[in-house]
Amino acid sequence: MVDDAKERLYMKDLYCSYYTESDEITSYMISKLNIKDNDIILEPSAGEGIFIDGIINQQKNIQIDALDIDEKAVNILKKKYWDMPNVKVRLTDTLLDRQLDMYAGYYDKIIGNPPYGAWQDYDKRKILKKKYKGQYVKETYTLFLYRCIFLLKKGGKLSFIIPDTFLFLNMHKSLREFLLKSTKIEEILIFPSNFFPGVNFGYSNLSIITLEKDDCESVKDNDVKIFTGFKTVRELR
């Protein structure tokens, strides 16, 4: 257990990765996807595979692509799912992966807990600015959200747990415009960051956003449901 805790601290410092350990949060997010047989699902920052475990437990005939940038995490995932041909694990940087460039409109469902505020060196920022024009490249979670929407099929659903700063910071204005024009946001839950084990942001809350990929005409009349005021994590059920 001590070694496990040290490893998680290392991961948090290096990649700003916070593992999803709350059963309530995991179950809630999976339930919002309405997973069906033959769905093709992406977990773009798979970590320990908590979401994957929950999806597999539903015993659906699905395919899951599990990606992560950390070699140690990927090795764990490969050992964990070695006998499951429907779970494909790959070591890669989701934001720059060239294979994903060919997968626009490919996935039925996407679920994740992308890294928050991970440091990008200046050379990588130049690459990200070129690839994600108009987006704020210093914040990783917003880039994950932006990229994954492109990877969704029309009518595909996404559920992410991310800081709520994308809702109000000026630097994320372009992302907000993109979300409102390209997706039907089903709902956004906003709750204290300390609901999430090991996290306690002083500058923001956490949120769970669930959305559906759609076109400009269809999203015009969409009503976004925003829920706040949660006292305990169990209220997220």
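Scoring residue 11 on the criteria (1) open to solvent by less than 10 Å² (accessible area, probe 1.4 Å); (2) of a type outside the set (Lys, Arg); (3) modelled with pLDDT of 95 or more leaves a single failure, condition (3). Residues in the range 132-139 include none that are open to solvent by less than 60 Å² (accessible area, probe 1.4 Å), part of a helix (DSSP H, G or I) and either closer than 27 Å to residue 79 by Cβ or at pLDDT below 95 (or both). Of all residues in the range 39-53, those that are closer than 10 Å to residue 107 by Cβ have Cβ atoms under 8 Å from Cβ atoms of residues that are of a type in the set (D, E, K, R) and part of a helix (DSSP H, G or I), 6 or more apart or on another chain, in 44/147. The residues of the range 35-76 that are closer than 15 Å to residue 100 by Cα and either open to solvent by less than 70 Å² (accessible area, probe 1.4 Å) or among the basic types (Lys, Arg) (or both), listed by number, are 40, 41, 42, 43, 44, 45, 64, 65, 66, 67, 68. Inspection of the range 156-164 identifies at least one residue that is of a type in the set (Asp, Glu), under 20 Å from residue 207 (Cβ atoms) and open to solvent by less than 20 Å² (accessible area, probe 1.4 Å). Here residue 94 meets the list (1) part of a helix (DSSP H, G or I); (2) under 21 Å from residue 209 (Cβ atoms); (3) among the polar types (S, T, N, Q) almost entirely, failing just condition (1).
Restricting attention to the range 108-131, the residues being aromatic (Phe, Trp, Tyr) and open to solvent by less than 20 Å² (accessible area, probe 1.4 Å) number 1.
Hey, does the range 211-231 have a residue that's touching a residue at least 12 places away in the same chain (Cβ under 8 Å), open to solvent by less than 10 Å² (accessible area, probe 1.4 Å) and in contact with a Phe, Trp or Tyr (Cβ under 9 Å, 6 or more places away or on another chain)? Yes, there is a match, as at least one residue in the range 211-231 is touching a residue at least 12 places away in the same chain (Cβ under 8 Å), open to solvent by less than 10 Å² (accessible area, probe 1.4 Å) and in contact with a Phe, Trp or Tyr (Cβ under 9 Å, 6 or more places away or on another chain).
Of the residues in the range 77-89, not one is open to solvent by 70 Å² or more (accessible area, probe 1.4 Å), part of a loop (DSSP other than H, G, I, E, B) and closer than 27 Å to residue 196 by Cβ.
The values are calculated or read from the model by the stated rules, or taken from the named source; none is laboratory data. Please read all numbers here as calculations on a predicted model, not as lab measurements. With ideal geometry, Cβ positions are generated from the backbone for all residues, glycine too; neighbour counts draw on all protein chains shown. Areas reflect the complete protein model, heavy atoms only, side chains present, ligands, DNA and RNA absent. Shrake-Rupley method; radii C 1.70, N 1.55, O 1.52, S 1.80 Å.
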